[in-house]
Each structure stands twice: as structure tokens, then as C-alpha cells.
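This report concerns only the one structure given below.
The values are calculated or read from the model by the stated rules, or taken from the named source; none is laboratory data. Everything numeric in this text was worked out from a predicted model, so none of it was measured. Please note: Cβ atoms are built from the backbone with ideal geometry, for glycine as well, and neighbour counts cover all protein chains shown. What goes into the accessible areas is simple: the full protein's heavy atoms, side chains included, and nothing from ligands, DNA or RNA. Shrake-Rupley method; radii C 1.70, N 1.55, O 1.52, S 1.80 Å.
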Amino acid sequence: MKLFIIPAFLFSLISTAAFSDPVNEYANYKVDNARNRTSSMIKRGTVRTEVLGFNPEGENGPVYNTNIEYDVTIQLAGRQQGEEVAEIPEEFFSPDFIEKLRQEGEIHYPQFKIRHLGYADATNMDGTSYPNCDKVFIYDIDMQQASALKFFQQITGKALATPADEVEDVEVTALITESLPVLGAAKIDISGVARGYDFKVGFDYLTP
């Protein structure tokens, strides 16, 4: 599942669940087709994330291996399915991460930059409300390293008949809360540009 909308990092770095062993936690997301959130070329879609296990000897430090599985239908390209195991840094699963972001306002990493935009309430498509979520903005993403975003990059490239590496300027806004598993994200909105075409897609957490 190389290339689609959320860096292996994205879906993980927005994780704020209380620091406990997240192995076997999972979270499901569905595309919101409201025109203000999702481009018309994206007809429907789901994403499932699941923490598979902990690796204390990752290339850049301890990581949680997290499976990201997607099933998306795109106009012209049809149904696109796949999955990829992403290595998510251990620190993103700690509540200390979001506290640090609140205090500093912005944190820079080699793969991306993340900014705290304050707080907002979220009400999802299924009617579930999540009050006072942290609103975060992820930008300046290195698409070569942010592997979780790569599967969206690939699908968008197919849909617009353009090379995947021409999908650029990807940015992510997310509403996150400690009450949700794995990612902590109630809503995730991603936008970018592919061969001069602007695209966007919004995901809502699905209550089990």
C-alpha cells in the first residue's frame, strides 16, 4: 500500500492515547463525501489501522509496527485496495507528545513539521461528538520518508494519470482526542496537488 493520504507518520503522530501498550489496538475511518471535505473524484473509501507489535530496534529508534489498510473507489481509476506496515516512532504514542506540542506550538522533524492550532469540537458522520479536541496541522512533508502518505499519493496519481512523485504539497489537519485508540484522531483532512489539480479528502473515525 505505497502512497495515499496519511504518512505512516500521519496516522500515528496524531496518536494521543494514554500511554499504555497499544499493540492490537485498531481504528477504522470512512471518507466523508461532503463537498467541503472531499474531492468529487473520490467516491467512497475506508482506512483501517492496527498496531501489530513493538520493535525496540528500529532504524531510528523504538517503533510500533502499524498496519494501514485502505479500500478506496476513485472516478476513472476504480476501486483501489492495499495495505502497508508502517514503522511509527514510539514517542507518538505517548501523551507527553501532545503536551509538548501544546507548550511549544510547533515541532519540526526531518520528515514533516507539525503545528498546534488550538482546540475544536468534532461531530462525526455517525453523530458521535468529541469535545475540545486538539487541532493539529502537519505540513512540509517529505513524501519520500512519510510512508503512510504514500498510498494516497499513488492512488491520486492513478486517478489523474500522473506519476505518483508529481503528487505534492500534501498537508494534513486533524482533530485528536485521548478517548480514541491508535491514532487518537476523530477527523483527518488531507489536501494536496497532483499535476496542477487540487485534491482533498476527509476521514471520520467510525465508532465500533
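Return the long-range amide H neighbours of Asp32 (sequence gap of 5 or more, or a different chain), with a cut-off of under 5 Å between placed amide H atoms.
Gly202, Phe203, Asp204
Mind grabbing the accessible area of Met125 for me, 1.4 Å probe, Å², rounded to tens?
Per-residue accessible area (Met125): approximately 90 Å².
Tell me, what is the 1.4 Å probe accessible area of Thr128, in Å² to the nearest 10?
40
Work out from phi, with θ = phi - 60° and the Karplus expression 6.51 cos²θ - 1.76 cosθ + 1.60, the ³J(HN,Hα) of each residue of segment 201-206, listed in order in whole Hz, and give x for Gly and Pro.
Along segment 201-206, the couplings run 8, x, 10, 10, 5, 9 Hz.
Report the full-extension gain for the segment Ser129 to Gln103: residue separation times 0.36 nm, less the Cα-Cα distance, to one decimal in nm. List each step's numbers first, then the result.
Working: separation 26, 0.36 × 26 = 9.36 nm, distance 2.56 nm.
Full-extension gain reported as 6.8 nm.
May I ask you to rank His116, His108 by accessible area, largest first, using a 1.4 Å probe over the protein chains only? Present the calculation step by step, with values, prior to reporting the outcome.
Numbers: His116 30, His108 110 Å².
These residues rank, largest area first, as His108, His116.
What GluC sites (Glu not before Pro) does segment 29-106 have in DSSP loop regions with at most 12 other beta carbons within 10 Å? Don't skip to the answer; put the middle values down first.
On the way: sites: Glu50, Glu57, Glu59, Glu69, Glu83, Glu84, Glu87, Glu90, Glu91, Glu99, Glu104, Glu106; in loops: Glu57, Glu59.
Within segment 29-106, the qualifying GluC sites (Glu not before Pro) (loop, at most 12 other Cβ atoms within 10 Å) are Glu57, Glu59.
Please get the size of the charge dipole for segment 20-151, origin at its Cα centre, with Cβ charges of +1 on Lys and Arg and -1 on Asp and Glu, quoted in debye to the nearest 20.
Working: 13 positive and 22 negative charges, 193 e Å.
Approximately 920 debye in magnitude.
Among Phe92, Gly53, Gln75, pick out the residue whose Cα is farthest towards the positive end of the charge dipole of segment 40-107, where Lys and Arg carry +1 and Asp and Glu carry -1 on C-beta, about the Cα centre.
Going by the charge dipole, the pick is Gln75.
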